[in-house]
Amino acid sequence: MKSEITKISIDDLTYEKFVSDFLIPEIPLVIQGLANFDLRTLTPEFILKNYTDENKREAGWFDADLVDNEVIKIPSIVKSILNRDDMSVRQSPMRLFMQPAGHVTLPHYDGNSLHGLNQQITGKKRWIITSPNTPLPNIPFMFAGLVGENFTYSESEHDYMDFTTHSGDMLFLPRYWYHEVHSLEKINLNMNWVFTPNYPNQSSKLGRREVEIVKLRDTLPIINKIFFPDKFTNYGGQGTELINAYCKDVSKLRMMKRFLIELLGYPRLLLLAKQIKKRANEFSNNNFNIN
Ligand SMILES: O=C(O)CCC(=O)C(=O)O
Ligand SMILES: [Fe+2]
(Lines give C-alpha, C1' and ligand atoms only; values in the text may rest on other atoms or scores of the structure.)
(Ligands and ions follow the chains in the order given, each with its own letter.)
Protein backbone atom coordinates (compact mmCIF):
# COMPACT_ATOMS: atom_id res chain seq x y z
CA MET A 1 0.00 0.00 0.00
CA LYS A 2 1.16 3.52 -0.67
CA SER A 3 0.89 5.84 2.31
CA GLU A 4 1.75 9.40 3.22
CA ILE A 5 4.75 10.13 5.39
CA THR A 6 4.00 12.14 8.54
CA LYS A 7 5.38 15.69 8.46
CA ILE A 8 5.73 17.76 11.63
CA SER A 9 7.19 21.21 12.10
CA ILE A 10 10.16 21.34 14.49
CA ASP A 11 8.15 23.94 16.47
CA ASP A 12 5.46 21.34 17.21
CA LEU A 13 7.76 18.42 17.96
CA THR A 14 9.23 17.75 21.39
CA TYR A 15 12.16 15.41 21.82
CA GLU A 16 9.92 13.15 23.97
CA LYS A 17 7.29 12.93 21.23
CA PHE A 18 9.93 12.13 18.61
CA VAL A 19 11.35 9.35 20.79
CA SER A 20 8.03 7.74 21.75
CA ASP A 21 6.18 8.09 18.43
CA PHE A 22 8.97 7.69 15.86
CA LEU A 23 12.42 6.70 17.14
CA ILE A 24 11.43 3.73 19.30
CA PRO A 25 8.66 2.34 17.01
CA GLU A 26 10.96 3.05 14.01
CA ILE A 27 8.46 5.04 11.98
CA PRO A 28 9.66 7.48 9.28
CA LEU A 29 9.04 11.18 9.76
CA VAL A 30 9.85 14.43 7.99
CA ILE A 31 10.67 17.20 10.45
CA GLN A 32 10.06 20.55 8.78
CA GLY A 33 11.26 24.08 9.32
CA LEU A 34 14.79 23.53 10.61
CA ALA A 35 16.77 26.74 10.34
CA ASN A 36 20.15 25.59 11.56
CA PHE A 37 22.02 26.46 8.37
CA ASP A 38 22.84 29.74 6.75
CA LEU A 39 22.88 28.95 3.05
CA ARG A 40 25.12 31.94 2.39
CA THR A 41 27.98 30.20 4.19
CA LEU A 42 27.03 26.55 3.81
CA THR A 43 27.43 26.59 0.04
CA PRO A 44 28.27 23.72 -2.32
CA GLU A 45 31.69 25.39 -2.78
CA PHE A 46 32.27 25.30 0.98
CA ILE A 47 31.36 21.60 1.06
CA LEU A 48 33.64 20.83 -1.89
CA LYS A 49 36.52 22.66 -0.22
CA ASN A 50 36.12 21.16 3.23
CA TYR A 51 34.51 17.75 2.87
CA THR A 52 36.33 15.91 0.13
CA ASP A 53 38.91 14.00 2.17
CA GLU A 54 39.69 11.04 -0.10
CA ASN A 55 40.21 8.86 2.99
CA LYS A 56 36.58 9.43 3.80
CA ARG A 57 35.17 8.70 0.35
CA GLU A 58 32.55 5.94 0.45
CA ALA A 59 30.47 4.20 -2.24
CA GLY A 60 28.31 7.25 -3.01
CA TRP A 61 29.01 9.81 -0.30
CA PHE A 62 31.72 11.34 1.89
CA ASP A 63 31.93 10.55 5.60
CA ALA A 64 32.86 13.32 8.00
CA ASP A 65 33.62 13.65 11.68
CA LEU A 66 31.00 15.30 13.79
CA VAL A 67 31.26 19.07 13.69
CA ASP A 68 29.05 21.58 15.40
CA ASN A 69 30.24 25.05 14.55
CA GLU A 70 29.14 28.34 13.05
CA VAL A 71 28.62 26.90 9.58
CA ILE A 72 27.27 23.46 10.41
CA LYS A 73 25.12 23.66 13.50
CA ILE A 74 23.74 20.30 14.56
CA PRO A 75 20.03 20.60 15.42
CA SER A 76 19.54 20.05 19.15
CA ILE A 77 17.17 17.14 18.53
CA VAL A 78 19.97 15.38 16.64
CA LYS A 79 22.44 16.04 19.45
CA SER A 80 20.07 14.59 22.05
CA ILE A 81 19.58 11.45 19.97
CA LEU A 82 23.28 10.90 19.31
CA ASN A 83 23.87 11.19 23.06
CA ARG A 84 21.41 8.46 24.00
CA ASP A 85 22.76 5.43 25.86
CA ASP A 86 20.83 3.03 23.64
CA MET A 87 22.35 4.34 20.39
CA SER A 88 25.84 3.62 19.16
CA VAL A 89 27.58 6.35 17.16
CA ARG A 90 30.48 5.62 14.81
CA GLN A 91 33.69 7.62 14.57
CA SER A 92 32.56 9.67 11.55
CA PRO A 93 28.77 9.76 11.79
CA MET A 94 28.08 12.50 9.25
CA ARG A 95 27.49 11.58 5.61
CA LEU A 96 27.36 14.12 2.80
CA PHE A 97 25.57 13.56 -0.50
CA MET A 98 25.67 16.13 -3.29
CA GLN A 99 24.47 15.23 -6.77
CA PRO A 100 23.35 16.93 -9.97
CA ALA A 101 19.83 17.00 -11.44
CA GLY A 102 18.66 13.68 -12.79
CA HIS A 103 20.81 11.54 -10.53
CA VAL A 104 19.01 8.52 -9.08
CA THR A 105 20.44 6.67 -6.09
CA LEU A 106 19.66 3.00 -6.62
CA PRO A 107 17.26 1.36 -4.16
CA HIS A 108 19.13 0.10 -1.11
CA TYR A 109 19.03 0.15 2.64
CA ASP A 110 21.94 1.15 4.82
CA GLY A 111 24.20 -1.46 6.36
CA ASN A 112 25.22 -1.55 10.02
CA SER A 113 21.54 -1.32 11.06
CA LEU A 114 21.80 2.45 10.69
CA HIS A 115 19.05 4.89 11.49
CA GLY A 116 19.53 8.23 9.72
CA LEU A 117 18.53 11.82 10.31
CA ASN A 118 18.89 13.19 6.83
CA GLN A 119 18.67 16.92 6.36
CA GLN A 120 18.14 18.53 2.97
CA ILE A 121 20.42 21.56 2.71
CA THR A 122 20.21 22.68 -0.92
CA GLY A 123 17.92 21.56 -3.72
CA LYS A 124 15.22 18.91 -3.48
CA LYS A 125 15.15 15.15 -3.40
CA ARG A 126 12.37 12.72 -4.13
CA TRP A 127 12.41 9.70 -1.82
CA ILE A 128 10.65 6.41 -2.36
CA ILE A 129 11.02 4.44 0.83
CA THR A 130 9.77 0.90 1.43
CA SER A 131 8.86 -0.80 4.69
CA PRO A 132 11.24 -3.51 5.92
CA ASN A 133 8.20 -5.79 6.04
CA THR A 134 7.66 -5.65 2.27
CA PRO A 135 11.21 -5.23 1.00
CA LEU A 136 12.54 -5.40 -2.52
CA PRO A 137 14.45 -8.60 -3.33
CA ASN A 138 17.99 -8.24 -1.94
CA ILE A 139 21.34 -8.75 -3.62
CA PRO A 140 22.69 -11.88 -1.90
CA PHE A 141 24.21 -10.98 1.49
CA MET A 142 24.07 -7.26 0.67
CA PHE A 143 21.85 -4.23 1.09
CA ALA A 144 20.92 -3.14 -2.42
CA GLY A 145 17.82 -4.15 -4.34
CA LEU A 146 18.05 -7.02 -6.76
CA VAL A 147 16.01 -5.08 -9.32
CA GLY A 148 16.59 -3.66 -12.77
CA GLU A 149 16.27 -0.11 -14.01
CA ASN A 150 12.64 -0.54 -15.01
CA PHE A 151 11.53 -1.72 -11.55
CA THR A 152 8.26 -0.21 -10.33
CA TYR A 153 6.70 -0.24 -6.88
CA SER A 154 3.38 -1.97 -6.59
CA GLU A 155 0.60 -1.01 -4.19
CA SER A 156 -0.28 -4.65 -3.68
CA GLU A 157 3.27 -5.82 -2.94
CA HIS A 158 5.03 -2.93 -1.25
CA ASP A 159 4.21 -0.69 1.69
CA TYR A 160 5.91 2.46 0.51
CA MET A 161 5.94 6.24 0.73
CA ASP A 162 6.85 8.71 -1.99
CA PHE A 163 7.64 12.30 -1.00
CA THR A 164 10.05 15.19 -1.57
CA THR A 165 12.44 16.82 0.89
CA HIS A 166 13.08 20.57 0.57
CA SER A 167 15.77 22.72 2.14
CA GLY A 168 15.21 22.72 5.93
CA ASP A 169 13.44 19.33 6.01
CA MET A 170 14.99 16.49 7.95
CA LEU A 171 13.95 12.91 7.27
CA PHE A 172 14.12 10.32 10.02
CA LEU A 173 14.77 7.15 8.05
CA PRO A 174 14.67 4.13 10.37
CA ARG A 175 16.97 1.16 9.83
CA TYR A 176 16.18 -1.35 7.08
CA TRP A 177 13.88 0.96 5.08
CA TYR A 178 14.78 0.65 1.42
CA HIS A 179 15.26 4.04 -0.24
CA GLU A 180 15.53 5.18 -3.83
CA VAL A 181 16.42 8.86 -4.08
CA HIS A 182 16.04 11.21 -7.05
CA SER A 183 17.96 14.50 -7.24
CA LEU A 184 15.55 17.14 -8.57
CA GLU A 185 17.35 20.48 -8.80
CA LYS A 186 20.64 21.67 -10.28
CA ILE A 187 22.57 20.97 -7.07
CA ASN A 188 21.14 18.74 -4.35
CA LEU A 189 22.97 18.55 -1.05
CA ASN A 190 21.89 16.57 1.98
CA MET A 191 23.61 15.62 5.18
CA ASN A 192 22.87 12.48 7.15
CA TRP A 193 23.69 11.86 10.80
CA VAL A 194 23.73 8.09 11.30
CA PHE A 195 23.60 5.88 14.39
CA THR A 196 22.82 2.27 15.30
CA PRO A 197 20.49 1.12 18.08
CA ASN A 198 22.41 -1.20 20.37
CA TYR A 199 19.50 -3.63 20.33
CA PRO A 200 18.13 -5.59 17.37
CA ASN A 201 14.60 -5.30 15.99
CA GLN A 202 13.29 -8.59 14.71
CA SER A 203 9.74 -7.39 14.13
CA SER A 204 10.33 -7.00 10.38
CA LYS A 205 11.57 -9.25 7.59
CA LEU A 206 14.73 -7.23 7.09
CA GLY A 207 15.32 -6.92 10.84
CA ARG A 208 15.33 -10.73 11.01
CA ARG A 209 17.53 -10.97 7.93
CA GLU A 210 20.04 -8.62 9.50
CA VAL A 211 20.52 -10.60 12.72
CA GLU A 212 20.92 -13.78 10.66
CA ILE A 213 23.53 -12.11 8.47
CA VAL A 214 25.34 -10.74 11.53
CA LYS A 215 25.47 -14.30 12.87
CA LEU A 216 26.81 -15.55 9.53
CA ARG A 217 29.47 -12.85 9.41
CA ASP A 218 30.48 -13.70 12.97
CA THR A 219 30.60 -17.44 12.32
CA LEU A 220 32.11 -17.46 8.83
CA PRO A 221 34.40 -14.41 8.65
CA ILE A 222 35.32 -15.21 5.03
CA ILE A 223 31.92 -13.74 4.13
CA ASN A 224 33.13 -10.34 5.32
CA LYS A 225 36.10 -10.46 3.00
CA ILE A 226 34.01 -11.39 -0.02
CA PHE A 227 30.99 -9.13 0.36
CA PHE A 228 31.48 -6.29 2.79
CA PRO A 229 33.67 -3.25 2.29
CA ASP A 230 33.48 -2.14 5.92
CA LYS A 231 35.13 -3.75 8.92
CA PHE A 232 32.81 -6.18 10.69
CA THR A 233 34.77 -5.79 13.94
CA ASN A 234 33.50 -2.23 13.96
CA TYR A 235 29.84 -3.15 13.37
CA GLY A 236 27.57 -0.23 14.23
CA GLY A 237 30.61 1.71 15.42
CA GLN A 238 30.98 -0.55 18.42
CA GLY A 239 31.80 -4.08 17.27
CA THR A 240 31.68 -7.10 19.57
CA GLU A 241 29.13 -5.82 22.04
CA LEU A 242 26.65 -4.98 19.30
CA ILE A 243 27.39 -8.12 17.29
CA ASN A 244 26.63 -10.26 20.35
CA ALA A 245 23.48 -8.36 21.16
CA TYR A 246 22.21 -8.71 17.57
CA CYS A 247 22.84 -12.39 17.01
CA LYS A 248 22.37 -13.83 20.46
CA ASP A 249 19.16 -15.71 19.69
CA VAL A 250 19.94 -16.82 16.15
CA SER A 251 20.42 -20.60 16.07
CA LYS A 252 22.94 -22.29 13.78
CA LEU A 253 20.05 -23.83 11.84
CA ARG A 254 18.44 -20.44 11.26
CA MET A 255 21.79 -19.06 10.18
CA MET A 256 22.28 -21.89 7.66
CA LYS A 257 18.78 -21.33 6.27
CA ARG A 258 19.69 -17.70 5.70
CA PHE A 259 22.86 -18.77 3.91
CA LEU A 260 20.80 -20.92 1.54
CA ILE A 261 18.18 -18.22 0.95
CA GLU A 262 20.92 -15.77 0.00
CA LEU A 263 22.51 -18.27 -2.39
CA LEU A 264 19.16 -18.65 -4.17
CA GLY A 265 19.44 -15.03 -5.32
CA TYR A 266 22.45 -15.74 -7.54
CA PRO A 267 20.71 -16.67 -10.81
CA ARG A 268 18.73 -13.42 -10.70
CA LEU A 269 21.88 -11.50 -9.80
CA LEU A 270 23.61 -12.88 -12.88
CA LEU A 271 20.73 -11.63 -15.01
CA LEU A 272 20.72 -8.13 -13.51
CA ALA A 273 24.39 -7.68 -12.65
CA LYS A 274 25.16 -5.33 -15.53
CA GLN A 275 22.28 -2.97 -14.78
CA ILE A 276 22.97 -2.94 -11.04
CA LYS A 277 26.66 -2.30 -11.58
CA LYS A 278 25.84 0.61 -13.88
CA ARG A 279 23.55 2.16 -11.27
CA ALA A 280 26.07 1.60 -8.47
CA ASN A 281 28.75 3.29 -10.58
CA GLU A 282 26.44 6.25 -11.17
CA PHE A 283 25.91 6.52 -7.42
CA SER A 284 29.69 6.76 -6.95
CA ASN A 285 30.51 8.91 -9.94
CA ASN A 286 27.72 11.47 -9.52
CA ASN A 287 28.50 12.22 -5.91
CA PHE A 288 30.05 15.68 -5.58
CA ASN A 289 30.09 15.88 -9.36
CA ILE A 290 28.03 19.02 -9.77
CA ASN A 291 29.67 21.00 -12.53
O1 LIG B 1 20.66 11.30 -1.11
C2 LIG B 1 20.83 10.29 -1.77
O3 LIG B 1 20.78 10.27 -3.00
C4 LIG B 1 21.08 9.00 -1.05
C5 LIG B 1 20.93 9.11 0.42
C6 LIG B 1 21.16 7.83 1.15
O7 LIG B 1 21.28 6.78 0.60
C8 LIG B 1 21.24 7.87 2.61
O9 LIG B 1 21.14 8.95 3.19
O10 LIG B 1 21.42 6.80 3.21
FE1 LIG C 1 21.32 5.08 2.02
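The values are calculated or read from the model by the stated rules, or taken from the named source; none is laboratory data. Note that this is a predicted model, so its numbers are computed, not measured. Neighbour counts run over all protein chains shown; Cβ positions are idealised from the backbone, glycine included. Please note that ligands, DNA and RNA were not included when accessible areas were found on the heavy atoms of the full protein model with its side chains. Shrake-Rupley method; radii C 1.70, N 1.55, O 1.52, S 1.80 Å.
Each label was represented as a point 7 Å from its Cα along the Cα-to-Cβ direction; for residue 289 and residue 257 these points are 4.3 nm apart. Counting only alpha carbon atoms, the long axis of helix 252-263 and the longest principal axis of the chain meet at about 70°. For region 248-264, backbone nitrogen atoms closer than 20 Å to the point 7 Å from residue 226 Cα along Cα-to-C-beta are found at 252-264. Considering only alpha-carbon pairs that sit under 8 angstrom and 6 or more positions apart, the relative contact order computed for the chain is 26 percent.
Per atom type, the chain shows carbon and sulfur on 53% of its accessible surface, probed at 1.4 Å.
Entry note, the chain: the mean residue ellipticity at 222 nm calculated from DSSP H runs of n ≥ 4, each adding -39500 (n - 2.57), is -8000 deg cm²/dmol after division by the residues and rounding to the nearest 500. Between the helical axis of 205-219 and the longest alpha-carbon principal axis of the chain there is an angle of about 70 degrees. The candidates 110, 230, arranged from most to least accessible area with a 1.4 Å probe in the full protein assembly, appear as 230, 110.
Applying both filters, DSSP loop and at most 15 other Cβ atoms within 10 Å, to the trypsin sites (Lys or Arg not before Pro) of region 56-136 gives 84. Could you please report the charge total around residue 277, scoring K, R as +1 and D, E as -1 over all other residues with beta-carbon less than 15 angstrom from its beta-carbon? Around residue 277, the surrounding residues sum to +2.
State whether region 193-280 is rounded, prolate or oblate according to the following rule on the C-alpha gyration tensor (a ≥ b ≥ c being the square roots of its eigenvalues): a/c under 1.5 gives rounded; otherwise a/b larger than b/c gives prolate, and the remaining case gives oblate. Cα axes put region 193-280 in the prolate bin.
Under 1.5 on a/c is rounded, so check that first for region 6-162, then, if it is not, pick prolate when a/b is larger than b/c and oblate when it is not; a ≥ b ≥ c are the square roots of the alpha carbon gyration tensor eigenvalues. Since a/c reaches 1.5 but b/c is at least a/b, the shape of region 6-162 is classed as oblate. Give the shape of region 80-229 as rounded, prolate or oblate, defined through the alpha-carbon gyration tensor: a ≥ b ≥ c are the square roots of its eigenvalues, a/c under 1.5 means rounded, and otherwise the shape is prolate if a/b is larger than b/c and oblate if not. Oblate is the answer for region 80-229, as a/c is 1.5 or above yet b/c matches or exceeds a/b. Here the peptides 147-157, 234-244 are ranked by packing, the mean other Cβ count within 10 Å, and the order with the highest first is 234-244, 147-157. Between 0 and 90 degrees, the angle of helix 266-286 with respect to the longest Cα principal axis of the chain falls at about 20 degrees. Excluding ligands, DNA and RNA, the accessible surface per residue across the chain is 47 Å² with a 1.4 Å probe. Over all other residues within a Cβ to Cβ distance under 15 Å of residue 184, the charged ones net out to 0, with Lys and Arg as +1 and Asp and Glu as -1.
Spin-label model, residue 277 to residue 41: label points 7 Å out along the Cα-to-beta-carbon direction sit 4.6 nm apart. Spatial offset of region 224-291 relative to region 72-118 amounts to 18 Å, using the alpha carbon center of each. Of the cross-linked pairs 2/225; 79/125; 17/186, which ones have a Cα-Cα span greater than 26 Å in the structure shown? Where the Cα-Cα span goes over 26 Å, the pairs concerned are 2/225; 17/186.
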